[in-house]
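Student: This is the structure I want to talk about, given as structure tokens.
The values are calculated or read from the model by the stated rules, or taken from the named source; none is laboratory data. The shown structure was predicted, so the numbers you read here are calculated from the model rather than taken from an experiment. With ideal geometry, Cβ positions are generated from the backbone for all residues, glycine too; neighbour counts draw on all protein chains shown. Quick note on the areas: whole protein, heavy atoms, side chains included, nothing else; ligands and nucleic acids left out. Shrake-Rupley method; radii C 1.70, N 1.55, O 1.52, S 1.80 Å.
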Amino acid sequence: MSMEKMTLRPESCRAVADEARKALRENRIVERIRQRDHTLWKPEPKEIADRLGWLDSPPAMKGRLSEIEEVVAGLRADGYTFALLLGMGGSSLAPEVFRRVFGVADGFLDLAVLDSTDPGAVLDHAERLDLKRTLFIVSTKSGGTVETFSFLRYFYNLVEQNLGTEEAGRHFIAITDPGSALAKVAADRRFRHTFLNDPEIGGRYSALSFFGLFPAALIGMDVRRLLERAAAERESEFLRKNGRGDGGGAFLGALLGELAKRGRDKLTFLFSREITAFGDWIEQLIAESTGKEGKGILPVVGEPLGPPDVYGNDRVFVSLRIGDDRTDEEGLRSLAAAGHPAASLGADQYII
């Protein structure tokens with residue numbers, strides 16, 4: 001999805017874009033992000049310097065793909081057909097998006113995500129599982145999330161009661177940080193495998209780590225290709241000279257930040273039908289990452305696009321489209337003509 005071509009609409013947005021470019025250039029933002037300079041966020045490095053591992057996920061995880069592929073091949077050979085991921089928040093959203101967008105390839109495992117402690121949701125899964133063919137993925141960075149451990153206890157006991165203690169562990173895989181409580185439980189109960197993730201990657205930034213890639217591989221996604229494309233985009237981002245051009249994620253982020261400072265702090269997303277699930281992940285990513293210390297950007301997902309006069313002066317509109325889809329294009333042009341910042345990201349253009 002290219003972001004190299006840009007036309008600014010309305011005219012008032014040009015000054016904001018110029019400010020965004022200036023801030024990127026003068027503060028050397030992209031360069032300092034690559035260097036993991038914590039002072040971009042806070043004077044002290046605590047909980048910042050040790051949370052930037054996602055920057056290197058694409059190249060780093062290429063060396064771990066053989067581990068993922070070996071485990072997936074073993075599961076398929078042993079006749080597993082379904083996987084239930086037990087997790088909350090960031091560690092579970094990316095796998096759910098992958099499943100809803102890409103579906104399941106022939107011969108691979110179907111995947112569902114349990115991230116609700118509602119008893120009805122838990123029982124709904126428990127009552128329809130074929131335990132002999134089901135894999136449980138216990139996914140938590142800290143290894144001590146109460147909700148996730150509650151899921152683990154419930155389903156481990158269920159498997160143990162039905163298949164026996166010797167067999168139970170073979171139906172569980174853990175994804176967690178090294179040294180966590182879950183890693184110890186996985187060893188004690190002889191889980192089939194434990195993926196130890198980079199501890200410097202936060203949950204909501206973990207899509208391209210074991211948390212996202214192993215479930216993706218289970219459903220038959222080409223995770224090698226995914227990482228290659230992500231690595232190429234990573235390098236392209238770092239080569240964009242700190243936002244001197246119109247493209248790049250850093251420029252988009254800076255632009256949204258400048259607009260938020262001017263009161264446009266509600267970010268409405270529109271998606272092509274095939275990728276509507278992407279909104280669930282990006283909603284949490286933006287809300288939790290920017291919603292700090294009494295300020296932030298509020299993402300709005302799933303809201304039908306209305307006429308310009310139903311919106312106040314606090315909105316920004318971003319449309320993500322694939323292929324030749326032109327859904328909502330006329331509506332976006334109407335919003336731009338009325339003075340609302342409206343961006344359309346597609347295969348060949350980026351309009352705001």
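Listed here are the residues, each with its yes/no results for (1) open to solvent by 30 Å² or more (accessible area, probe 1.4 Å); (2) at pLDDT 95 or above.
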site	(1), (2)
26	yes, no
34	yes, no
47	yes, no
59	yes, no
65	no, yes
94	no, no
98	no, yes
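Student: Which ones in segment 138-185 are on the phi > 0 side of the Ramachandran plot and open to solvent by less than 30 Å² (accessible area, probe 1.4 Å)? Steps first, please.
Tutor: The first filter runs over segment 138-185 and keeps only residues on the phi > 0 side of the Ramachandran plot, leaving 143, 164, 179.
Within segment 138-185, 143, 164 qualify.
Student: Cβ contacts < 6 Å: first residue surrounded by fewer than 24 Cβ atoms within 10 Å (Cβ to Cβ), restricted to segment 210-224; second residue of a type in the set (D, E, K, R), any location; separation 6+ or different chain. Result?
Tutor: The qualifying pairs are 219/99.
Student: Kindly indicate the residue of segment 119-178 that is in a loop (DSSP other than H, G, I, E, B) and within 16 Å of residue 95 (Cβ to Cβ) and also modelled with the lowest pLDDT among those meeting that condition. Steps first, please.
Tutor: The first filter runs over segment 119-178 and keeps only residues in a loop (DSSP other than H, G, I, E, B), leaving 127-130, 140-145, 164, 177-178.
Pick out the ones that are also within 16 Å of residue 95 (Cβ to Cβ) and you get 140-141, 145.
Working: 140: 93, 141: 90, 145: 86.
Among those residues, the one meeting the criterion is 145.
Student: Filter segment 295-315 for residues that are farther than 15 Å from residue 264 by Cα and surrounded by 15 or more Cβ atoms within 10 Å (Cβ to Cβ); which is farthest from the chain's Cα centre (by Cα)?
Tutor: 305
Student: Suppose we filter segment 298-349 for residues that are among the polar types (S, T, N, Q) and not in a strand (DSSP E or B); how many remain?
Tutor: Residues of segment 298-349 that are among the polar types (S, T, N, Q), as a first pass: 313, 319, 327, 334, 344, 349.
Going one step further and asking which of them are not in a strand (DSSP E or B), we end up with 313, 327, 334, 349.
The total comes to 4.
Student: A follow-up question, please. Among (1) in contact with a strand residue (DSSP E or B) (Cβ under 9 Å, 6 or more places away or on another chain); (2) within 21 Å of residue 77 (Cα to Cα), which single condition is residue 185 missing?
Tutor: Every condition holds for residue 185 apart from (2).
Student: May I pose another question? Which of the helices (runs of 4 or more DSSP H) contained wholly in segment 23-97 include at least 3 residues that are over 20 Å from residue 291 (Cα atoms), over 21 Å from the mean Cα position of the chain (by Cα) and in contact (Cβ under 8 Å) with a residue 60 or more places away in the chain? Lay out the reasoning, then the answer.
Tutor: Details: elements: 29-34, 57-62, 65-77.
So the answer is 65-77.
Student: Just a yes or no: is a residue in segment 265-273 among the hydroxyl-bearing types (Ser, Thr, Tyr), open to solvent by 50 Å² or more (accessible area, probe 1.4 Å) and farther than 19 Å from residue 336 by Cα?
Tutor: No - not one qualifying residue is present in segment 265-273.
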